[in-house]
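Have a look at the structure below, then the notes.
The values are calculated or read from the model by the stated rules, or taken from the named source; none is laboratory data. All values reported here derive from a predicted model rather than from experimental measurement. Backbone-built Cβ (ideal geometry, glycine too); neighbour counts: all protein chains shown. For accessibility, only protein heavy atoms count, side chains too; no ligands or nucleic acids. Shrake-Rupley method; radii C 1.70, N 1.55, O 1.52, S 1.80 Å.
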Amino acid sequence: MDSTTISLVRTTFKAVAAVEDGPEKLTRSFYAILFARNPEAREFFPAAMDVQRDRLVRAIAYVIDKLEEPESILPFLGQLGRDHRKYGVEDAHYIAVGNALITALQNFAGSEIWTEEVDLAWREAIALIASTMMTAANSETGPRTWIGTVVEHKQVLRDVAVVRLQLDQPMQYGAGQYVSVSVPGRPRMWRYLSPAIPANDQGQIEFHVRRVAGGWVSPAMVGQTNLGDTWAIGSPLGALGVDRTRERDMLMIASGTGIAPLRAQVMEMAMRGNNPRVHLFVAGTYPCDLYDIETLWQLSQTNPWLTVIPVSQEDTNPWWHFDPIPTPPPGMYQRITGKVGEVVAEFGDWADRDIQIVGSASMIQTTKFRLQAKGTPTENIRHDPLF
């Protein structure tokens, strides 16, 4: 796409976003048009559409922002296309979605903004998006979804559960990737989780799930999951993982259940004979939020390339958590009290490291800011898209 086309698409979307409740009105209009023209498409989506509408806006905004970076946006769209296979989406549905989005934009923008040039620009952008997603989806040979049977459910905190499942067939994913998951009590409400163990030939997979207050799905995963339940799991997504082409030491930073994809990576690295040095900061609000710290200490004791540094904002556990705070083995770092971004930055600028950050959007952005302020190159820092 040329710069003029990108500018027209970006300007139009910004005009929509600038209107009060503009993005919400646009997505409501889009889905109304899509379902009116294609009633069969409604079965792909959950009954409650609030999360879906919000996710659509953020995905469109992300794609538009990255149109000048094909090296990042094309792989992202390819993964999105593979992920959409779980819905049973066919090529005709991509065309229907594109036409509905153009109609919604045209109705919203009005004739003064929606010129012939704008129309052509959006059609070119949507054609690129749809063709990339369709090509990736059609090139996949694996199943649309895997079915996992719950074989273990352990509530490690009041709001965190570790769930292990046996898949109907092994899934090949890279340690650090994430997958979409749907549970029986919340049909068609897909949520993204990162496997906490590497892929294996036995078809086992493990997730660490935190209950989100007011959430639709995570409370059911944490508090209402039973042995024998079956979860549907979509194709693996994401680009986190050990980049062995860089031959650089690594800095990993995780908060809460964000430890899962980093844990999977260090477990996979432990199976190799040659690894870069890894400093892994594990953070939480309270000491008890470091629920997996003993596993990580054990890994570091047998793998001298791994250094684990525990961090918590508070020095004591909340009133409802009575378990003792784990004592680190000899030679391990004592827990540090403070905000993880500040603690990591105090260690140095980490300019020579390949850096991964996993946690909430605010934690990722704050930690990135702290590292950049210390002189860490932005291109050294990786995390999955915040949308």
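Out of the range 265-276, which residues are assigned to a helix (DSSP H, G or I) and open to solvent by 10 Å² or more (accessible area, probe 1.4 Å)?
Within the range 265-276, 267, 268 meet the criteria.
Report every pair of residues separated by at least 6 positions or lying on different chains whose Cβ atoms are under 7 Å apart, first residue within the range 354-371 and in contact (Cβ under 8 Å) with a residue 12 or more places away in the chain, second crowded, with 19+ Cβ neighbours inside 10 Å and aromatic (Phe, Trp, Tyr).
Every condition considered, the pairs that remain are 371/350.
Residues of the range 205-222 being free of Cβ contacts under 8 Å to residues at least 24 places away in the same chain and closer than 22 Å to residue 290 by Cα, which ones?
Within the range 205-222, 212, 213, 219 qualify.
Going by the conditions given, is residue 150 part of a strand (DSSP E or B), over 21 Å from residue 240 (Cβ atoms) and open to solvent by 30 Å² or more (accessible area, probe 1.4 Å)?
Judged against the criteria, residue 150 is not a match.
Can you name the number of the only condition in (1) under 28 Å from residue 88 (Cβ atoms); (2) open to solvent by less than 20 Å² (accessible area, probe 1.4 Å) that residue 160 fails?
(1)
Restricting to the range 83-113, give me the number of residues that are open to solvent by less than 70 Å² (accessible area, probe 1.4 Å) and touching a residue at least 60 places away in the same chain (Cβ under 8 Å).
Here the count works out to 13.
Could you please give the count of residues in the range 16-40 that are modelled with pLDDT of 85 or more, among the small types (Gly, Ala, Ser) and either open to solvent by 70 Å² or more (accessible area, probe 1.4 Å) or closer than 16 Å to residue 60 by Cα (or both)?
Within the range 16-40, residues that are modelled with pLDDT of 85 or more, among the small types (Gly, Ala, Ser) and either open to solvent by 70 Å² or more (accessible area, probe 1.4 Å) or closer than 16 Å to residue 60 by Cα (or both) number 2.
Collect the residues in the range 299-338 that are touching a Pro at 6+ places or on another chain (Cβ under 8 Å) and of a type in the set (A, V, I, L, M, F, W, C), keeping them in residue-number order.
Answer for the range 299-338, where residues must be touching a Pro at 6+ places or on another chain (Cβ under 8 Å) and of a type in the set (A, V, I, L, M, F, W, C): 305, 325, 336.
Does residue 271 fit the bill of being out of contact with any strand residue (DSSP E or B) (no Cβ under 6 Å at 6 or more places or on another chain) and within 24 Å of residue 174 (Cβ to Cβ)?
yes
Taking the range 215-233 as the region of interest, how many residues are under 20 Å from residue 257 (Cα atoms) and either assigned to a loop (DSSP other than H, G, I, E, B) or open to solvent by 20 Å² or more (accessible area, probe 1.4 Å) (or both)?
7
Determine which single condition residue 212 fails, assuming it passes every other condition in (1) open to solvent by 10 Å² or more (accessible area, probe 1.4 Å); (2) modelled with pLDDT of 90 or more; (3) closer than 27 Å to residue 370 by Cβ; (4) hydrophobic (A, V, I, L, M, F, W, C).
Result: residue 212 fails condition (2) only.
Of everything in the range 114-141, what is open to solvent by 60 Å² or more (accessible area, probe 1.4 Å) and either touching a strand residue (DSSP E or B) at 6+ places or on another chain (Cβ under 9 Å) or outside any helix (DSSP H, G or I) (or both)? Give them in sequence order.
Within the range 114-141, 140, 141 qualify.
Would you mind stating whether residue 297 is in contact (Cβ under 8 Å) with a residue 24 or more places away in the chain, closer than 30 Å to residue 274 by Cβ, out of contact with any Leu (no Cβ under 9 Å at 6 or more places or on another chain) and of a type outside the set (Asp, Glu)?
yes
Tell me the residue from 164, 158, 210 that is touching a Ser or Thr at 6+ places or on another chain (Cβ under 6 Å) and more than 30 Å from residue 376 (Cα to Cα), please.
Criteria check complete, one pass: 210.
Which of the residues spanning the range 165-195 are assigned to a strand (DSSP E or B) and open to solvent by 60 Å² or more (accessible area, probe 1.4 Å)?
Answer for the range 165-195, where residues must be assigned to a strand (DSSP E or B) and open to solvent by 60 Å² or more (accessible area, probe 1.4 Å): 166, 192.
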